[in-house]
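FYI, it's all coordinate maths here, none of it is from the lab. Quantities reported herein were computed from a predicted structural model and do not represent experimental measurements. Cβ coordinates were reconstructed from backbone atoms using ideal geometry, including for glycine residues, and neighbour counts include every protein chain displayed.
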Ligand SMILES: [Zn+2]
């Protein structure tokens, strides 16, 4: 169910390198499932923290709110990045992209020069 897409990386200047990302694009059912899962985790924590004396005044509403926040974020997410590879446009070091939520532009920090490498979908 994953697909491989071509990307173009930059470090906020006119140098570009190419690479690819292996992604899984969510359909609406996936999005709802992801959102509900996050809601369940955070609201579960919220309910558990009712048992913690004093802190529950803070933790219960906090986790309740975080539930909404992450559920929304999960729902807005287009999918998931499974893996990927590109080269740093600044120093040329190979950059491996780890698993994460797919939100354009995908960013990764270069391990060699610490620059934030932005990856954007290559226009066909
Ligand atoms: Zn670099």
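Only strands (runs of 3 or more DSSP E) whose full extent lies in the stretch 79-124 are considered here, and the ones with at least 2 residues that are away from the ligand (no atom under 16 Å from the Cβ) are 79-87, 100-102, 116-121. Return the total of residues in the stretch 71-84 being surrounded by fewer than 16 Cβ atoms within 10 Å (Cβ to Cβ) and within 18 Å of residue 122 (Cα to Cα). Qualifying residue count, the stretch 71-84: 2.
Criterion first (without any contact (Cβ under 8 Å) to a residue 40 or more places away in the chain, out of contact with any strand residue (DSSP E or B) (no Cβ under 7 Å at 6 or more places or on another chain) and not in a helix (DSSP H, G or I)) does residue 46 satisfy it? Here the answer is no, as residue 46 does not meet what is asked.
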